[in-house]
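Take a look at the structure set out below.
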Amino acid sequence: HRRHGYQILVASGWSHRRLALCAYPLMLAAGASAGWLMRHPPAMAWGGLAFWSGAYLSLGLWIRARDST
């Protein structure tokens, strides 16, 4: 459990508030774009999936780089 991204950021000095204020808009943007992309051609939906997959992978790698364990 302590290797979860949330726990890594809190252990590195992020407050719970700061983490929530960053995470919630990110999740809202991902969800909103998914809803928007569902109304467009499949190629655009796949492009959106590729974009968000890359964004979350990059974020995960950045968080893991902050892990001191």
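List of remarks:
- Conditions (1) open to solvent by less than 80 Å² (accessible area, probe 1.4 Å); (2) within 17 Å of the chain's Cα centre (by Cα); (3) hydrophobic (A, V, I, L, M, F, W, C); number of the one not met by LEU37: (2)
- Residue count for the stretch 1-19, restricted to those that are open to solvent by less than 70 Å² (accessible area, probe 1.4 Å) and within 18 Å of GLY60 (Cβ to Cβ): 8.
- Qualifying residue in the stretch 59-67 (condition: open to solvent by 90 Å² or more (accessible area, probe 1.4 Å) and without any contact (Cβ under 8 Å) to a residue 24 or more places away in the chain): yes
- From the list ALA50, ALA43, ALA29, the one residue that fits, being assigned to a helix (DSSP H, G or I), free of Cβ contacts under 8 Å to residues at least 12 places away in the same chain and open to solvent by less than 60 Å² (accessible area, probe 1.4 Å), is ALA29.
The values are calculated or read from the model by the stated rules, or taken from the named source; none is laboratory data. None of these values were measured; they are calculated from a predicted model. For neighbour counting, all protein chains shown are included, and Cβ atoms are generated from backbone atoms with ideal geometry for every residue, glycine included. SASA here: full protein model, heavy atoms, side chains in, ligands and nucleic acids out. Shrake-Rupley method; radii C 1.70, N 1.55, O 1.52, S 1.80 Å.
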